[in-house]
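Read the figures in this text as sums done on the coordinates, not as results from a lab. Just so it is clear, the structure is predicted and the values come from calculations on it, not from any experiment. With ideal geometry, Cβ positions are generated from the backbone for all residues, glycine too; neighbour counts draw on all protein chains shown.
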Amino acid sequence: MSKKNPNYQNSFADKFTRWVKGDYDPIEGQMEMNAPDKEVFGDERIRYVHLHIVKSNNYSERMFEEGLAKNVRRFTGLYKIFGVIVSVFIACLLLWTVSFLPKFGDPNAPENNEVATRYIEQGLSETGAVNIVTGMILDYRAFDTFGESCVLFVASCCVLILLRVDKDEDPESRAIEDMNDRHYEPRNDTILQKVADFLVPLMIIFGIYVVLNGHISPGGGFSGGAIIGSGLILYLTAYGFEKTQRFMNEKVVKALTVGALTFYCFAKSYSFYTGANHLHSIITPGTPGNILSAGLIVYLNICVGIVVACTMYSFYTLFRKGGI
Amino acid sequence: MTELRIILLVFLLVCAIAVSFSKNLLISVVIYMAFSLIMAIIWLILESPDLAITEAAVGAGVTSILFFVTLKKIRSIKTTAEEDIDE
């Protein structure tokens, strides 16, 4: 992110540029320089412009029709024909490739090798997870899942870089953004609020259930986190930013995400280290079927759930107003 | 069960074609939500409930909401206030 140097006008680089341009005379000093007045657009003006754009939606179409030459028409015709040909070709190619794949559920398919057999036969006793999928992704393949969580974190960072409205740089655009947000989002909508009152607790409790039971029943960190995130988004749409920012502001999101990823990293490092060096590990599979069983899987599920929920929530807030 | 699967797959095809042929972007997003929901049921039939939950939450829920917010930001959805001014 760029930060403007406030003393740029006195810096050497600026003097040099002005001297090259001829504005600045080394002997006479600074010549008179009046920056052109920044044209201040009122909110009304901006809204009028937007309305105008909305109204004349087929504006470009009409312009195009007026200037339509013969070869342009021929080109668009060819374009359509080639588009159809390419689509049909790609569809046929993909279908032809699919016909070579082994039949669904074929026992002789190449993916049914000793790795899958080992996972299915030894998975329960080695990881303690009744749900084999969770046992695979958070025990045998925990390193891959760590990468996936980091990808989510990086994605939210990228969205932050792209959509964030800086506080210190541009108070005007921030105000406009806030105004638009208020203009387009119906606040205090009774129907929405009543529905949210009923649904949000259910969604969040169901999400927590899915996260905590990830090693027993279908689900896990990612799905549960997405459900919790959707609940938070629904609450935000119904009640606005003042209510949610009491418990989900930028600091909280940052602390939760980074803390969860760090815990995941250290916990899995410990289990990889002890496992690779044949040391005694304090992590035991426990009794399969209990909530507090399956070693680290419960805690890792909670971590992934926190990261996913925070990411979904921050995506939504960044899309809406350019800040968490 | 086979009939149900065939019906769902036909729905999937219809949704996929309808998305590309609808002129209104809002309708496209709604059809895309329907596509995700049918896909979630198909995952359930294919005995992968983990994927079904994720598809229902992410594909039908969060992605469509992000699409809606984006459409609002680029002013593809007319709000009631704008319609009032138009009239």
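Using only the Cα atoms of the stretch A:128-321, build the gyration tensor, take square roots of its eigenvalues as a ≥ b ≥ c, and label the shape rounded, prolate or oblate: rounded if a/c is under 1.5, else prolate if a/b is larger than b/c, else oblate. Could you put the intermediate results ahead of the total?
Working: a/c = 3.42, a/b = 1.78, b/c = 1.93.
Oblate, because a/c is 1.5 or more while a/b does not exceed b/c.
Do the alpha carbons of any pairs in A:LYS194/B:LYS72; A:LYS70/B:LYS73; A:LYS80/A:LYS103 sit beyond 27 Å of each other, and which pairs? Intermediate values should be presented prior to the final figure.
Working: A:LYS194/B:LYS72 24 Å; A:LYS70/B:LYS73 37 Å; A:LYS80/A:LYS103 36 Å.
Where the Cα-Cα span goes over 27 Å, the pairs concerned are A:LYS70/B:LYS73; A:LYS80/A:LYS103.
Just tell me how shielded A:308-316 is by partners: mean number of partner chain Cβ atoms within 10 Å of each residue's Cβ, no decimals.
Values: counts 4, 0, 0, 1, 6, 1, 0, 5, 4.
Average neighbour count from other chains, rounded to a whole number: 2.
Across peptide B:52-64, how many C-beta atoms of other chains are within 10 Å of each residue C-beta, on average?
Working: counts 3, 10, 11, 2, 4, 14, 9, 1, 1, 9, 11, 1, 0.
Across B:52-64, the average partner-chain Cβ count within 10 Å equals 6.
For the stretch B:2-86, what relative contact order do you get, as a whole percent, if you take Cα pairs closer than 8 Å and at least 6 residues apart?
26
Based on the mean of other beta carbon atoms within 10 Å per residue, what is the order of A:302-314, B:28-40, A:237-249, B:57-69, most packed first? If you can, show how the numbers build up before the last one.
On the way: A:302-314: 25.9, B:28-40: 18.6, A:237-249: 15.5, B:57-69: 20.2.
Result, highest mean first: A:302-314, B:57-69, B:28-40, A:237-249.
Based on DSSP H assignment, which helices of chain B show an axial Cα extent of at least 24 Å together with a mean Kyte-Doolittle hydropathy greater than or equal to -0.5? Write out the running numbers ahead of the final one.
Values: long enough: B:2-21 (29 Å, 2.36); B:25-45 (30 Å, 2.71).
Within chain B the helices that satisfy the rule are B:2-21, B:25-45.
Per residue of A:126-135, how many C-beta atoms from partner chains lie within 10 Å of its own C-beta, taken as a mean?
Values: counts 0, 0, 0, 0, 0, 2, 0, 4, 1, 0.
Mean shielding by partner chains, rounded to a whole number: 1.
Give the residue from A:LEU300, A:THR317, A:HIS278 lying farthest towards the positive end of the charge dipole for the stretch A:181-324; charges sit on Cβ (+1 for Lys and Arg, -1 for Asp and Glu) and the dipole is referred to the Cα centre.
Value: A:THR317.
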